[in-house]
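Bear in mind these aren't lab numbers, they're just calculated from the coordinates by the rules spelled out. Given the structure is predicted, the values throughout are model-derived calculations rather than measurements. Virtual Cβ from ideal backbone geometry, glycine too; neighbours counted across all protein chains shown.
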Amino acid sequence: MRDLNVRLKAPHERLRAQLHAWLGNVPSGPAPNDAPGMICYLRAWHERLHDAGWSGIGWSASRGGMSASAVAKYVYYEELARAGVPRLLTTPGIAFVGPVLMAHGTEAQRDAYLPRILSGEDVRCLGLSEEDAGSDLAGERVYDEVSFEEVVVPANALIGPRGGGWGIAMGLMELERADQSFANHMELLVLLGELVALAESSAAGIPAGFRDRAVAVWTKCQLFRAFNLHTSRQLDRGQRIGAHGSVIKAFWTQLYQDVAAAADAALDVELVGDDAWSRRYLDARATSIFSGTLEIQRDIIGGRIAGLPRHEIPRGLHELRNAADRARGTAVLDHVEPSEAAQRHERPVARRARGSARRTS
Ligand SMILES: Cc1cc2nc3c(=O)[nH]c(=O)nc-3n(C[C@H](O)[C@H](O)[C@H](O)COP(=O)(O)OP(=O)(O)OC[C@H]3O[C@@H](n4cnc5c(N)ncnc54)[C@H](O)[C@@H]3O)c2cc1C
């Protein structure tokens, strides 16, 4: 299966050729089927990339990277995906936790954490979702509730100024939408190539409807590719991604689900097993939820990019949440005075009650 021919400037094409040659000599080997085996496999793969200097290429040279531009990172992720090798074990660590530490951490924090993230020894993630407020990140409902118990966070683990975490987290989420999407179009094209080969080799012939689906997916992947390249150029010009990150996330979600639907059409089996295609099918469904649900992305696109009228949360959603709270015997948002709630549950619930009063008024 061919791609549209996109030629970049000479240094970027040199980087592509260099990585392509290295990948040709260092195959990642077949991926195991079980989760513990997969972690070992990814760790070993990360180590090989790191040893060859291919981990964290966007990091500054003084921190073990190549100070690569965003377009160079686009090339890097595209080539890894084209070769069908896995992403780095700790992509979130490399793509956004490390850069956040570089921008906001103390020198001691950088020295302690960055080398371990780069080498894959430490696997870092971002935890924003809260109980009862997964999508409602900025809501005052459980805004500053601490869900852990008996956890002591030492003062030297604070990143940035006290009370400045929200701004840092929002900057981090922009990074999440950038680098991480640069591999997506090529990963899906590789999957599509696999499906086409499977459909062509089927004894029963190419299944009805598959050809149309494959053409639609290929076309959207090329569009996505152009959009990712455009995003990388914007980043190199110092522009921020902002709400366009939601277009990237929503487009990818739908395209991945299109690929899953094409797999369903191409393969003569139910995608309910423990094989690679069944796992991808479920993974494609999960993309509607993680990293901000599809509805939330559409809200952002409609309101902040297309300028459509603001979408209000349906009344039913609040009622559903209240019913869940009642069932658990926790705060009943509409009927408890803040002071009464505060006596029962202290500060977090007082927050909930205030948030509710704001919403339901
Ligand atoms: C595989 C996976 C990986 C994840 N990884 C992480 C992670 O690394 N870090 C992390 O912090 N979290 C992570 N999450 C959590 C995920 O981000 C949340 O589950 C998600 O934000 C949804 O929250 P919720 O499930 O509480 O649903 P809710 O927020 O309760 O939403 C329920 C439904 O209501 C809709 N809805 C909610 N608000 C609105 C609105 N304003 N307008 C329109 N519709 C709305 C939603 O779209 C959804 O359909 C992960 C989830 C999954 C499934």
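Some values worked out for this structure:
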{"read-out": "Chymotrypsin sites (Phe, Trp or Tyr not before Pro) restricted to region 261-309 and DSSP loop, no more than 15 other C-beta within 10 Å", "value": "PHE290"}
{"read-out": "Nearest-20 debye value, region 10-125 charge dipole, Cβ charges on Lys, Arg, Asp, Glu", "value": "180 debye"}
{"read-out": "Separation of alpha-carbon centers, region 147-179 and region 76-128, rounded to whole Å", "value": "15 Å"}
{"read-out": "Distance (nanometres) between label positions extended 7 Å along Cα→Cβ at ARG2 and ASP264", "value": "3.2 nm"}
{"read-out": "Separation of the ALA157 and LEU126 label points, Cα + 7 Å toward Cβ, nm", "value": "2.0 nm"}
{"read-out": "Separation between Cα centres of region 197-230 and region 1-60, rounded to whole Å", "value": "24 Å"}
{"read-out": "Cα Rg, Dmax, region 10-125, angstrom units", "value": "14.2, 41"}
{"read-out": "Ellipsoid equivalent to region 179-305 - semi-axes via the Cα gyration tensor, in Å", "value": "30, 16, 12"}
{"read-out": "Cα-only radius of gyration and Dmax that characterise region 71-111, units Å", "value": "13.1, 38"}
{"read-out": "Label-point gap, in nm, between ALA204 and GLU107 - each point 7 angstrom along Cα→Cβ", "value": "6.8 nm"}
{"read-out": "Loop-resident sites, region 183-242, for trypsin sites (Lys or Arg not before Pro), counting at most 13 other Cβ within 10 Å (DSSP)", "value": "ARG237, ARG240"}
{"read-out": "³J(HN,Hα), Karplus 6.51/-1.76/1.60, whole Hz, each residue of region 87-102, x for Gly, Pro", "value": "6, 4, 4, 10, 4, x, x, 6, 7, 9, 5, x, x, 5, 5, 5"}
